[in-house]
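Enquirer: Please find one structure pasted underneath; my questions will follow.
The values are calculated or read from the model by the stated rules, or taken from the named source; none is laboratory data. Quantities reported herein were computed from a predicted structural model and do not represent experimental measurements. Positions of Cβ are backbone-derived with ideal geometry, glycine not excepted, and every protein chain shown enters the neighbour counts. Quick note on the areas: whole protein, heavy atoms, side chains included, nothing else; ligands and nucleic acids left out. Shrake-Rupley method; radii C 1.70, N 1.55, O 1.52, S 1.80 Å.
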Amino acid sequence: MGLVLAIAALAAPSTSATSATGTVAVTATTVASISLTFVTDGAGITLGGTGTAAATIAFGSVQAYGGSVPAGVTKVVTAPTNWSLSTPFDVDVQLANQTSSNYTLTAAIASADATNTWSLGATNLTTTPATLTSTGAYGSTPYTFKLTIPFSAAAGAISNTINFVATAN
Amino acid sequence: MLLMAMLLLSGRTSAQVILSFTIISDPSGITLTGSGTPAATMSFGAVQAFGGSVPSGVTKTVGANSWTLSTPIDLHVTQLGISASYRLTAQLTLADAQNTWKLNAVTLSTAASTITASHGYGTAAYTFSLTIPFSAAAGLISNTINLVVTAN
């Protein structure tokens, strides 16, 4: 009888609650940062690279009279002086790990253009940064881009880059 | 006969499990200081939500109101005994009402949380993540995760 009980105990051994410990010390130093991205506006032309900080607007082949413009683009002909293409797009500015109630946004074209007029809202752009807002609210804000082309300009490709800078106030 | 059997079985009805536990850099994760020991250090350095860079093996995810750094780490647990699995708990040394610390999907606090109730011995990867709200002031974030492995 004793032998039977002893064998049963061997078949079902017990384990004591044994444990081991370890530690992981974690450090990170966070730095304030600001983000500016361009997003296709619901009523505007589809941006290339929407959601990034480097977007493109391609109007394609356009003309003052006749033809067509991409969806979201408005063409206005002011005969006999000029015609314009305009479209809204969104500028999304986000802030992280910094206290700031608003931001200043400037824009400038990369290459001087003595023929055409480049504007954002009511601001005509040059190669010198122009302030679009000095109290921009963080989040997404629509801006209307307009390119005005004089009738006197020769047909052909028009190309430029608008550089934006958002600075936390 | 009975006496012989009892002598043979003496000391074997209660098995003591001896655990060995180390923390190791995961091949896909950040390089830990003190890898291979039970006391490792994970240093992300200077990091930011927008732009900048993160150490190799660290993934940065930017959300609408916060951003997250994540990286896998390996825990190597071995045993001398008859335990088939272990239980892992983790807790923070310091309370943090601002940032969110996770191991796998488990949010850590100063109370011990079970990361796994039963895991086989050997090397296993666990994903550490730290989520920082945009609203948090920039600066040093520091804490220690205390891990306890218990034989089942």
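Enquirer: Does any residue in region A:29-45 that is free of Cβ contacts under 8 Å to residues at least 12 places away in the same chain come within less than 8 Å, Cβ to Cβ, of a residue that is surrounded by fewer than 18 Cβ atoms within 10 Å (Cβ to Cβ) six or more places away or on a different chain, and which pairs are these?
Expert: A:THR29/B:GLY45; A:THR29/B:ALA46; A:THR29/B:GLY139; A:THR29/B:LEU140
Enquirer: A further question follows. Since B:SER113 meets every condition but one in (1) more than 14 Å from the chain's Cα centre (by Cα); (2) surrounded by fewer than 18 Cβ atoms within 10 Å (Cβ to Cβ), which condition does it not meet?
Expert: Unmet condition: (1).
Enquirer: Go through region B:90-141 residue by residue and tally those that are over 30 Å from A:SER101 (Cβ atoms) and either in a loop (DSSP other than H, G, I, E, B) or within 7 Å of chain A (Cβ to nearest Cβ) (or both).
Expert: Result for region B:90-141: 11.
Enquirer: Taking region A:51-68 on its own, how many of its residues are surrounded by 17 or more Cβ atoms within 10 Å (Cβ to Cβ) and not small (Gly, Ala, Ser)?
Expert: The total comes to 1.
Enquirer: Since A:VAL77 meets every condition but one in (1) part of a loop (DSSP other than H, G, I, E, B); (2) more than 19 Å from A:SER159 (Cβ to Cβ), which condition does it not meet?
Expert: (1)
Enquirer: Let me ask something additional. So, in region A:91-123, exactly how many residues are surrounded by 13 or more Cβ atoms within 10 Å (Cβ to Cβ) and within 22 Å of A:ALA155 (Cα to Cα)?
Expert: Looking only at that region, the number is 6.
Enquirer: Being in a strand (DSSP E or B), of a type in the set (Val, Ile, Thr), within 15 Å of the chain's Cα centre (by Cα) and more than 8 Å from chain A (Cβ to nearest Cβ) is the requirement here; does B:THR144 meet it?
Expert: no
Enquirer: If I filter region A:140-163 down to residues being surrounded by 11 or more Cβ atoms within 10 Å (Cβ to Cβ) and among the small types (Gly, Ala, Ser), which single residue comes out as farthest from A:GLY42 (Cα to Cα)?
Expert: Selected residue: A:ALA153.
Enquirer: Looking only at region B:25-70, how many residues end up being free of Cβ contacts under 8 Å to residues at least 24 places away in the same chain and open to solvent by less than 20 Å² (accessible area, probe 1.4 Å)?
Expert: The number of residues fulfilling the criteria is 1.
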